[in-house]
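Take a look at the structure set out below.
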Amino acid sequence: MAESTVQKLEEVLIVAESLFAQRGYEATSVRDIADALGLQAGSLYAHIESKDDLLHQILTRAADRFFAAKKPIVESDLVPIEKLRRLMLAHVQVITNDLNAAAVYSTEWRHLTEPRYSEFAARRDEYEHMVRTMVRNCIREGTFGDVDEKFASLLILSSMNWIYQWYKADGPMTPDDIARKLTDMLFKGLRRPVG
């Protein structure tokens, strides 16, 4: 693929991601994307196959970022609680580095068509399972009390995935601050009571 074609596709993906995040996938037409790029709607198809294909590419790139961030943490020799803490920091970093991608990843994936829907749902399930395994390991080592590991995992993921709604890059908290406060609050609630 020629460099100019790659650059144009990147522009298309960025604009589509922004529109999907702001308006939602269903409320965004191919014409809306083309208009935002200053193109004729028909010209857009020189760069994409379909609107569904755009959504799939945006979601795949977002998922790849989450999986790339977690890989070295999962493969490390850290104790379970530190693995989970670092995973949460990495997850928050991925979200705050691209709020539009995080918004699309969190809410718009349900609009994928089959077989892409099932494939993407399987990736989300794999990531959730990895968080659940970390929570289970924290329970087994006695750091967390006897909590419902599935509920705890969903609580952790939900609390992070909603950050795109309120985070401001110029706000009072950095991504590190957010991750630290989030882990401190959640982990205190999950810890085994002393005494």
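The values are calculated or read from the model by the stated rules, or taken from the named source; none is laboratory data. The structure displayed is predicted, hence computed values, not measured ones. Cβ sites come from the backbone with ideal geometry, for glycine too, and all protein chains shown count toward neighbours.
Numbers for the structure displayed
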quantity	calculated
Single residue of the range 71-81 satisfying the filter (assigned to a helix (DSSP H, G or I) and farther than 14 Å from R140 by Cα) that is nearest to the chain's Cα centre (by Cα)	K71
D177 vs. criteria assigned by TED's automatic domain parsing to the domain that holds H56, loosely packed, with under 15 Cβ neighbours inside 10 Å and not in a helix (DSSP H, G or I)	no
Residues being surrounded by 13 or more Cβ atoms within 10 Å (Cβ to Cβ) and either touching a residue at least 40 places away in the same chain (Cβ under 8 Å) or under 25 Å from the mean Cα position of the chain (by Cα) (or both) - total across the range 40-52	4
Any hit, the range 72-83, residues being among the β-branched types (V, I, T), more than 18 Å from M160 (Cβ to Cβ) and not assigned by TED's automatic domain parsing to the domain that holds V15	yes
Restricting the range 145-174 to residues that are surrounded by fewer than 16 Cβ atoms within 10 Å (Cβ to Cβ) and either in contact with a Lys or Arg (Cβ under 7 Å, 6 or more places away or on another chain) or of a type in the set (K, R) (or both), the residue that is nearest to I81 (Cα to Cα)	G145
Among the candidates S43, S118, residue that is over 19 Å from Y164 (Cα atoms), in a helix (DSSP H, G or I), outside the structural domain of K168 (by TED's automatic domain parsing) and among the polar types (S, T, N, Q)	S43
Scope the range 180-191; condition closer than 12 Å to I156 by Cα and surrounded by fewer than 16 Cβ atoms within 10 Å (Cβ to Cβ); matching residues	D184, M185, G189
Criterion: surrounded by 18 or more Cβ atoms within 10 Å (Cβ to Cβ), part of a helix (DSSP H, G or I) and of a type in the set (A, V, I, L, M) - qualifying residue of A68, A102	A102
Every residue from the range 1-39 that is over 14 Å from E108 (Cβ atoms) and exposed (fewer than 12 other Cβ atoms within 10 Å of the Cβ)	M1, A2, E3, S4, T5, V6, Q7, E10, G38
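Results for (1) touching a Leu at 6+ places or on another chain (Cβ under 7 Å); (2) at negative phi, shown as yes or no for each residue.
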site	(1), (2)
V6	no, yes
V15	yes, yes
G24	no, no
R31	no, yes
G38	no, no
Y45	no, yes
H56	yes, yes
V79	no, yes
L99	no, yes
